[in-house]
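Q: Here's a structure for you.
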Amino acid sequence: LKRVRVGVAGATGYTGMELIRILKNHPNVEITFLSSRKTVGMNLKEIRPFIDLELTLEPLDVDRVVERCDLLFTAIPSGAFTISKDLVKKGVKLIDLGADFRFDDPAIHDEWYENKIENYGELKRVYGLPEVNRDEIKKADVVGNPGCYPTSVIIPLYPILREKMITENRIVIDSKSGTSGAGHNPREDLLFSEMEENLRAYRVLNHRHVPEMEQELSKIFGKDLRVHFTPHILPMTRGILSTIYLKTKFSCREEIYRIFMDYYSEEKFVRILKEGYPSTKWVRGTNNIMIGFELDEEDGTLVVLSVIDNLIKGASGQAVQNMNILFDLPEDAGLNLPSLYP
Ligand SMILES: NC(=O)c1ccc[n+]([C@@H]2O[C@H](COP(=O)([O-])OP(=O)(O)OC[C@H]3O[C@@H](n4cnc5c(N)ncnc54)[C@H](OP(=O)(O)O)[C@@H]3O)[C@@H](O)[C@H]2O)c1
C-alpha cells in the first residue's frame, strides 16, 4: 500500500484539526509532523483530548519537515510561512490553505492582504480547484487551496461560463457563512452574545475573496468578469450558502440541468438537485458541494444556490482531495464522509 508521510502546520486551528480528523482515517497517510504557534512542545492530545493522536507540536522548521514529510499542509494565517521554496527544492510538496499561492499576479495579492508575497520564482504552483484544474494539479509542486466562498461560487458557475451562457459580464453573489470561517482566535464581534439571534453583512463589495473569484471566473469565461459580492455571518458553526444571480441565455430549466450533468455527473463531490434548494445541513461534515437553481424564463435571470461545509469542501477536505490527485491516489480516498444530520 502506498504511504504518504504528511505534516500539518497549524494543527491546533479549525482547519488543522479537520485535516487531522480526515487524515487519521486515510488509508495511505501517516501523520509525521505537527506544528502550532503558542503550544510548541505540548502533545496534541493534551490540548485536543478528543483526538487520538499522540504527537508533539513542533516549531515550523525546514529541516524537520524535509526529514519526515513528503507533503506539508499549511493551515495557518496567510503570510505566516515563508519557507516554501526551500521545501520544494528538497522535494516536499506543499498544499497551502491560506491565500499565499492563489494569485496569478502577486501585485493583486499584495493589494488585499497585509503580507507581501514572497517571490514565487520557478515554483510550479496551481489554484487547487480539482473540478476545474485537475490536470494542472497533478503536475504542481505547490497547491494554493481555494478560499471557502470562492469554492462555493466557482464550481456552480464553471459550466455556465464555459458554455458562454451569460449575457452580462457581471455576477451578483450573496453568501452566508457560519462562524468557524473566522478561525479559532478570539474576536469580540464573534462573542456568543454578539452572534446569537443575529445576522449581519460584512465587507460589502470589499471582501478579499472578490479578486480571487474574479481571477478564476474571468479565466474560465475567457474575458474579464466583475463580481459584486456581499458576505453575511450568522449564528451557526459550519456551512456556507451562496446565492448567485446572473443574466443568461437560458429559456428552460431542463437545459440548465443538462449542462450541470454534462460537467458534473462523474464528479464524486458535486451533487446537482433537479428540483428544490440545498441546505447547509445536507453537506455538514462532508466534502460535497450541493447545487440547486431556479430560472426566470421571461428574462433569463438565473439564480444558483450552492452549499458547502466551509471547513471541508471549503478548506481541509478539498486540500486532501488535492493531495490525492498529487500523489495519484483515488480522489475520494479518506473523503467518503457521510453528512452529519440533523
Ligand atoms: N476556517 C475556514 O473556514 C477556512 C476556510 C478556507 C481557508 N482557511 C484558511 O486556512 C488557514 C487556517 O485557518 P483556520 O480557520 O484553521 O485558523 P485558526 O483556527 O486560527 O488556526 C490557525 C493555526 O495556525 C497557527 N498559527 C497562527 N499564527 C501562526 C504563525 N504566525 N506561525 C505559525 N503558525 C501560526 C495557530 O497556532 P496557535 O493556535 O498556536 O495560535 C493555529 O494552529 C487560514 O489561512 C485561513 O484563511 C480557513
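Q: Is the chain rounded, prolate or oblate when judged by the Cα gyration tensor, a ≥ b ≥ c being the square roots of its eigenvalues, rounded requiring a/c under 1.5 and prolate requiring a/b larger than b/c?
A: On the way: a/c = 1.63, a/b = 1.49, b/c = 1.09.
Since a/c reaches 1.5 and a/b is larger than b/c, the shape of the chain is classed as prolate.
Q: Let me ask something else. What is the sum of charges around residue 266, taking Lys and Arg as +1, Asp and Glu as -1, for the other residues whose C-beta is under 14 Å from the C-beta of residue 266?
A: -2
Q: Averaged per residue, what accessible surface does the chain expose to a 1.4 Å probe, in Å²? Can you show the working numbers first?
A: Working: 15360 Å² over 342 residues.
Heavy-atom SASA per residue in the chain reads 45 Å².
Q: Who wins for biggest fluctuation among 326, 191, 129 in a Gaussian network model of the chain, springs between alpha carbons below 10 Å?
A: Comparing 326, 191, 129 in the GNM, the peak value goes to 191.
Q: Same structure, new question: If I model a spin label as a point 7 Å beyond the Cα along the Cα-Cβ vector, how far apart are those points for residue 328 and residue 46 in nm?
A: 4.2 nm
Q: Continuing with the same structure: On full extension of the chain, what length is gained from residue 2 through residue 170, given 0.36 nm per residue of separation minus the C-alpha to C-alpha distance? All intermediate terms of the calculation are to be shown ahead of the outcome.
A: Values: separation 168, 0.36 × 168 = 60.48 nm, distance 4.58 nm.
That pair, residue 2 and residue 170, stretches by 55.9 nm at full extension.
Q: For residue 243 and residue 63, what is the calculated FRET efficiency with R₀ set at 51 Å and r taken between the beta-carbons, to the nearest 0.05? List each step's numbers first, then the result.
A: On the way: r = 48 Å, r/R0 = 0.93.
In this case the efficiency is close to 0.60.
Q: Of all accessible surface on the range 85-186 at a 1.4 Å probe, what whole percent is carbon and sulfur? Walk me through the numbers on the way to the answer.
A: Numbers: 1890 of 4130 Å².
For the range 85-186, the apolar C and S fraction of the accessible surface comes to 46 percent.
Q: Next question. Based on Cβ point charges of +1 for Lys and Arg and -1 for Asp and Glu, what charge dipole magnitude is obtained for the chain about its Cα centre, in debye rounded to the nearest 20?
A: On the way: 44 positive and 51 negative charges, 130 e Å.
Its charge dipole is roughly 620 debye.
Q: What is the distance in Å between the Cα centroid of the range 15-47 and that of the range 202-254?
A: If you average the Cα positions of each part, the centres end up 33 Å apart.
Q: At a Förster radius of 22 Å, what calculated FRET efficiency corresponds to the Cβ-Cβ distance of residue 236 and residue 30, to the nearest 0.05?
A: Values: r = 34 Å, r/R0 = 1.55.
Calculated value: 0.05.
Q: With the full set of protein chains in place, find how many percent of the accessible area of the range 207-308 is carbon and sulfur; take the probe as 1.4 Å. It would help to have the intermediate numbers written out before the result.
A: On the way: 2100 of 4470 Å².
For the range 207-308, the apolar C and S fraction of the accessible surface comes to 47 percent.
Q: Within 10 Å, count the other beta carbons around each residue, average over each peptide in 155-168, 199-212, and list them highest first.
A: On the way: 155-168: 19.0, 199-212: 15.4.
Top of the packing list down: 155-168, 199-212.
Q: Quick one: among 323, 17, 261, which has the greatest mean-square fluctuation in a GNM of the chain with alpha-carbon springs under 10 angstrom?
A: 261
Q: I've got another one for you. Can you tell me the length gained on complete extension of the stretch residue 56 to residue 258, counting 0.36 nm per residue apart and subtracting the Cα distance? Working shown, then result.
A: Numbers: separation 202, 0.36 × 202 = 72.72 nm, distance 5.06 nm.
Roughly 67.7 nm would be gained on extension.
The values are calculated or read from the model by the stated rules, or taken from the named source; none is laboratory data. All values derive from a computational prediction rather than experimental measurement. Positions of Cβ are backbone-derived with ideal geometry, glycine not excepted, and every protein chain shown enters the neighbour counts. These accessible areas exclude ligands, DNA and RNA; they are computed on the full protein's heavy atoms, side chains included. Shrake-Rupley method; radii C 1.70, N 1.55, O 1.52, S 1.80 Å.
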